[in-house]
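What follows is a short report on a single structure.
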Amino acid sequence: MSRGRAALAVLVGAVLAGACEYVVVPPDDGAAAAVTSEGWAGVATAIGTTDAGDLRIDLAIENRTGDWSAMAAAEAPARLAGGDGSTASCDVVMVGTGGHRLAPGFRMRGFTGGTKTEPVIEPIRVECADAAPPPAGSKLAIDYTYVTGEYNYYDPEATTTRTTMEVPLDELLADLTYPVAAPVDGLIQPADSEITALNDVVLQMTGLERAGTTLEATWQTTNPGEYPTSVHIGEPPVIGSDGVIYGFYESPDLASVPITPPGATAEWPTEVDIPAEVTGLTMLLPVESKKQRLFVSHALDLGGT
Amino acid sequence: MITSLRARAVRYRRFAPLAATITLFCLAYAYGAVVYEGMRDPQVFLNLFRASPFLLISAIGMTFVILSGGIDLSVGGVVALTTVASAALLRSGGMDPWLVMALMIVMGAVFGVTMGFFITYLRVQPFIATLAGMWVARGLSFWISDDAIPIDSRLYTVLGQTKILIPGLADPVTKIGPFISIPVVTELVVLLVAIFVAQYTRFGRTVYAIGGNEQSARLMGLPVNRTKMLVYTINGLCSALAGIALSVDVSSGHGLYATGLELTAIGAVVIGGTLLTGGVGYVVGTLFGVLIIGVIQTLIQFNGQLSSWWTPIVVGALTLAFIGIQSALAARKARPTAGRRMPQPARLGDPTLQEDVP
């Protein structure tokens, strides 16, 4: 190799080496986000009978996925296996989060079902027609699916896992605390936290008012960018110290939000119905972040409100 | 003096549409910079390149097609098909992303060869052949998937989200400052290659010759058929590359992506000064055509009050204006051959002829 070519090679190498510091590669979130999941766990809180005389088992479920997660029972009967070898099929399986994502380490015992216009609070339960009270050593098996992490509108089932929950029925845990079963450091944020959303827009709850059974939150977005942007948060649900998620679920991109002009702010309210006596509220807030229709969940401490 | 100026004007008249496009872009951007402080940010200018690399790449392919006197309406369909096929292969097949990209480029080229075959050898009108191609490509997209398919590939994330900071404007320590992305580098490389091919190769000159007059090109012994096949192949390849750029940008594939992209690309080419009749135009003009569309969108966004539909309205009006100007220039060019008077012998002492005497 001639001296000129060698010098040229060194020069090109130096330029490329210098140029490397001008290249910013995105972090590999996928590798760091691997979390061991134990799925969802369930415990029986009460066993009784329905008005029709069927066996009714009330449950509490706990998110042990290590991430935000929504779960729902499969469209199949639950199986009751008695300690004496008997079996029964339970056709009413009202087990799930009602579509909402629950924070890791949280526990719940009810959600808002029915329809949007006529919501109904559904206790988490299983009903077994014509079944006798379960003898000692009985177990309830419930097939269910759960999703974890961020909610991607374009691929809502990307993280779906199908598995079975086994609930021992020997011990009834009626005096559980809700909604936190296993605290996670830094998970629950103050209500007025500034949350960075889509396009670096800053979202903040600026007002919270409770009148009767209505809890109204006022939201403000501040857009530091140069383009108008809107940040969807849906109608955020709330879970109380009674373990029930209040707020009918619908995809968070459906609720309309105002456009935040560049360099300006926008405000809008959201509402959720909660019985007046329920306290210890935590808001389960989905915030459109990173890219359009990708929602990252946040837990906001609303206190006694 | 006047003769010299006139001769120079005649010599550079072919640059008039290109000059008009560049002037229009500069004026529009200057207006924005004066009215909106934010538009003085270098990042806003760089965003014109970042916003739609897929448009520039597909418009470059379209430029070759239009220069050759043809048209290609299958561009948007091929772009959408590329996004969906890439996403499907990455998801269900778990295929290596480099292999997927290579397959997509081959697919685009094969699509272009097919279009070229029908147009060149079966004498199908380019409009009809590529219209059918568009339907086929769109249909295939929805056959693969009705819904959007997300792309979860580290390579696509790196290609789409890596920032290349601009030396002198950005701080390499804090990694903050104006930047471009890898698709921008890709589109600029494609642009430079296209300029070289169009201006400095035999193939490029043949494309111009075919667009100017295909019959004359045949009589001159130029490889017309082979060149037309190559033109549509290049366009198919550019469409696939544009599809890859789009899927990298949005990290997903969908049959509804790039709807109407072919018409926007044609608009950009025409605004860039390329004659729809073929034979006249420059690839660099297409760059400014795309930039003008970008600056219109930017102005509308900075305004904040106007509907985004003003973009197609303005682009449509500009396209009409440029086609009008082109037609007027073409008519003016054609006039001497149609109605030229027979040359008369010069009369001595005629003052009106003095300036024309060299």
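Data for the structure
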quantity	calculated
Translational D in µm²/s for segment B:14-329 (Stokes-Einstein at 10 °C, 1.306 mPa s, Kirkwood Rh from C-alpha pairs)	79 µm²/s
Residues A:Ala74 and B:Asp152, FRET efficiency given R0 of 25 Å [Cβ-Cβ distance, rounded to 0.05]	0.50
Segment A:40-168: Cα Rg divided by the 2.2 N^0.38 Å rule of thumb	1.08
Point-charge dipole on Cβ atoms (K/R +1, D/E -1) for segment A:188-303, about Cα centre, debye to 20	340 debye
Over 28 Å [Cα-Cα, chain A], rounded percent	47 percent
Ellipticity estimate at 222 nm from DSSP helix runs (n ≥ 4, -39,500 (n - 2.57)) divided over the protein assembly as shown, nearest 500	-13500 deg cm²/dmol
Among B:Thr186, B:Thr114, A:Thr279 the positive-end extreme of the charge dipole of the protein assembly as shown (Cβ point charges)	B:Thr114
A:Val25-B:Val124 pseudo-label distance in nm [points 7 Å out on the Cα-to-Cβ vector]	4.5 nm
FRET efficiency for A:Glu250 and A:Ser193, using Cβ-Cβ distance with R0 set to 25 Å, rounded to 0.05	0.55
Which of B:Met39, B:Tyr12, B:Val283, positive extreme of dipole for chain B (C-beta unit charges)	B:Tyr12
For segment A:157-201, with +1 on Lys and Arg beta carbons and -1 on Asp and Glu, the positive-most of A:Met165, A:Val201, A:Gly186 along the dipole	A:Met165
Viscosity 0.692 mPa s, 37 °C: Kirkwood-radius Stokes-Einstein D of the protein assembly as shown over Cα pairs, µm²/s	111 µm²/s
Inter-probe distance in nm under a simple model that places probes 7 Å from Cα toward Cβ, at A:Thr213 and A:Thr265	3.3 nm
Student exercise, the protein assembly as shown dipole from Lys, Arg, Asp, Glu Cβ charges, in Debye to nearest 20	6180 debye
Cysteines in chain A that, by Cβ-Cβ distance, have no pairing candidate under 4.7 Å	A:Cys20
Alpha carbon centroid spacing (whole Å) that separates segment B:138-164 from segment B:187-260	24 Å
On Cα atoms only, tilt of A:3-20 relative to the major axis of chain A in degrees	40 degrees
A:Ala174-A:Ala136 FRET efficiency (beta carbon distance; Förster radius 22 Å; 0.05 resolution)	0.75
Charge dipole magnitude, Cβ of K and R +1, D and E -1 - chain B, Cα centre, debye nearest 20	1440 debye
Relative contact order for chain A, counting Cα pairs under 8 Å that sit 6 or more residues apart, in percent	16 percent
Nearest-ten-degree value, helix B:310-339 long axis tilted from longest Cα axis of chain B	30 degrees
All lysines inside 17 Å of A:Lys290 as judged from Cα atoms, apart from same-chain residues fewer than 8 positions distant	B:Lys163
Spacing of the two label points (7 Å from each Cα toward its C-beta) at B:Arg6 and A:Ala7, in nm	5.4 nm
Part-to-part distance (alpha-carbon centres) for segment A:51-67 and segment A:177-249, which is given in Å	27 Å
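Only the coordinates and a few stated rules stand behind these numbers; no lab work does. Just so it is clear, the structure is predicted and the values come from calculations on it, not from any experiment. Here the Cβ is made from the backbone with ideal geometry for all residues, glycine too, and neighbour counts use every protein chain on show.
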